[in-house]
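A.B. asks: I'd like to ask some things about the structure below.
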Amino acid sequence: MSSTQNKVDSFLREQELVYDKITSKTDVITKIIDILTKARDDENKIFTMGNGGSASTASHFVSDLLKTSITKGNKRFKAISLVDNVPVTLAWANDVSYEDIFVEQVKNFFDKDDIIIGFSGSGKSKNVIKAMKYAKESGGRCIGFTGMSGGEFPKICDICFVVPSNDMLVIESVHVALCHCIVSAIRNLGKPQFTYE
């Protein structure tokens, strides 16, 4: 077996071990689904954020909430990704600080009972934490997806899913899978409005 194949096998084994561990945490995912569908039904907004790979997950999740999660007879999600407006993100980073790129955007839109979702492999991303604290102070609810030791997320979030791994790539892969799990469950709880093309 080649060295490359060993690395591939090792990564896939780590993924498998993590999935085996998180099957006992389906109650956490169920609670997140309940929070999100209530926000949809009550017409509250949902904000997502993250850095790097976690930013792409935040953006992807909003895409799925806005289109893939639409079911017949139900309201639509009002979801906003805080990572997608590059000019406004760079303006806040340049003119104030990178630590404020999310909280300053949230201040424009956030209302009581809105939801904020943070993705961070370490749970220590200062810009994500700052926005979460503002959301909590404004009467919102916080959902966190993290890994490693959880960082600050378990203390701040109303509900937090900690992926039991120290490998950032594994953590990020599992976060995407969990988002797909949530969206799939929401679709299957109703009658999907649209099919995949």
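A.B. asks: Based on other C-beta atoms within 10 Å, arrange 168, 49, 148 from fewest to most.
C.D. replies: Ascending Cβ contact count within 10 Å gives the list 168, 148, 49.
A.B. asks: Still on this structure: Amide H of residue 71: which non-local residues (sequence gap of 5 or more, or other chain) have their own amide H closer than 5 Å, using H built in the peptide plane?
C.D. replies: 193
A.B. asks: Consider a paramagnetic label point 7 Å from the Cα of residue 126 along Cα→Cβ; state which residues of region 27-58 have an amide N under 17 Å from it.
C.D. replies: Correct set: 50-52.
A.B. asks: Could I have the simple spin-label model distance between residue 108 and residue 41, label points 7 Å from Cα toward Cβ, reported in nm to one decimal?
C.D. replies: Distance between label points: 3.2 nm.
A.B. asks: Pop the C-beta distance of residue 137 and residue 24 into the FRET formula with R0 = 35 Å and round what comes out to the nearest 0.05.
C.D. replies: Approximately 0.60, to the nearest 0.05.
A.B. asks: Quick check: Cα centre of region 60-120 to Cα centre of region 144-158, how many Å?
C.D. replies: Region 60-120 and region 144-158 have Cα centres separated by 19 Å.
A.B. asks: DSSP loop trypsin sites (Lys or Arg not before Pro) in region 66-154 with at most 15 other Cβ atoms within 10 Å of their Cβ, which ones?
C.D. replies: 72, 75, 76, 112, 124
A.B. asks: What are the GluC sites (Glu not before Pro) within region 3-82 that DSSP puts in a loop, where the Cβ has at most 16 other Cβ atoms within 10 Å?
C.D. replies: 43
A.B. asks: Which residues make up the longest stretch of the chain that has no chymotrypsin sites (Phe, Trp or Tyr not before Pro) in a DSSP loop with at most 12 other Cβ atoms within 10 Å?
C.D. replies: Longest stretch, sites excluded: 1-193.
A.B. asks: Students often get this wrong, so check it: of 7/124; 31/112; 25/78; 136/191; 45/191, which have C-alpha atoms separated by over 31 Å?
C.D. replies: Check vs 31 Å cut-off fails for 136/191.
A.B. asks: If you average 1/r across every pair of different Cα atoms in region 1-143 and take the reciprocal, what Kirkwood value do you get, in Å?
C.D. replies: Roughly 16.8 Å, rounded to one decimal.
A.B. asks: For n ≥ 4 DSSP H runs only, could you compute -39500 (n - 2.57) per run for the chain, divide by its residues and tell me the 222 nm figure to the nearest 500?
C.D. replies: The helix contribution divided over the chain gives -16500 deg cm²/dmol.
A.B. asks: Then there is this: Could you work out the relative contact order of the chain, using alpha carbon pairs under 8 angstrom and six or more residues apart, expressed as a whole percent?
C.D. replies: Computed over the chain, the figure is 24 percent.
Read the figures in this text as sums done on the coordinates, not as results from a lab. This structure is a prediction, so every number in the text was calculated from the model and none was measured. Using ideal geometry, Cβ is built from the backbone for each residue, glycine included, and neighbour counts are taken over all protein chains shown.
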